[in-house]
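Notes follow once the structure below has been shown.
The values are calculated or read from the model by the stated rules, or taken from the named source; none is laboratory data. For clarity, every value in this text was computed on a predicted model and none was experimentally measured. Counting neighbours? That spans all protein chains shown, and the Cβs are built from the backbone with ideal geometry, glycine included.
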Amino acid sequence: MSDSCCASSSCQSSTTPHYRRALWIALVINAVMFAVELGAGWGAGSVSLLADAADFLGDAANYGVSLLVLSMAVIWRSRAALAKGATMGLYGVFVLGHAAWNAINGIVPEAYTMGLVGALALTANLSVAAMLYTFRDGDANMRSVWLCSRNDAIGNIAVIVAAGGVFGLGTAWPDLVVAVIMAGLGLSAARSVIAQARAELKEISHVAHA
């Protein structure tokens, strides 16, 4: 999922127009799907959809950083990663809080919406993965952006399975379990990104004052 994505300023990006175009398309798809899942998750009362939306947000940020990495100074790339990590962390906390609220109030999400949007998200991630498949054997950054979409498809499948569980059992617990797992992964990724960004900024500061 998002913790599989490369957020390091040491990652190298390709300058080929084809790769840049693929990243732009991936960025747009992930940004759109973030908005779709955010709206659908809120409307359907599905916390797992809200958690899955975090993956799309994180990936959109990752693709954006990948596009800018060549034109930005190291310190700005690290600051961008720090902001990305903080955003991911806050969203993860929001998802956990919303999951607790739904559990306390016994809110059962709409299984049909969960399954439909989960399938749409899976299609989006598989499409991006197929588009970036050509670059899977490239440098670290090129490989990481392909792995992002490939691994996020697992999260989409989990949402679809949760939708089946909600439909079959008539309870919110499948949705809540998936949401908590995905939020936990998001928080772990956020901590990793923030720690790495802070280490990079500290190193830059030491070099500047040396």
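Some notes on this structure:
- Pairs where the first residue, in segment 59-80, is modelled with pLDDT under 75 and the second is of a type in the set (F, W, Y) and surrounded by fewer than 18 Cβ atoms within 10 Å (Cβ to Cβ), C-beta under 9 Å, 6+ apart: L68/W76
- The condition of being free of Cβ contacts under 8 Å to residues at least 40 places away in the same chain and either part of a helix (DSSP H, G or I) or touching a Lys or Arg at 6+ places or on another chain (Cβ under 8 Å) (or both) holds for only one of A99, A40, A86, A53, that being A53.
- If you go through segment 181-207 and keep only what is modelled with pLDDT of 80 or more, surrounded by 18 or more Cβ atoms within 10 Å (Cβ to Cβ) and under 18 Å from G41 (Cα atoms), you end up with M182, A183.
- Residue among A153, A129 that alone is modelled with pLDDT of 65 or more, in contact with a Lys or Arg (Cβ under 7 Å, 6 or more places away or on another chain), assigned to a helix (DSSP H, G or I) and surrounded by fewer than 21 Cβ atoms within 10 Å (Cβ to Cβ): A129
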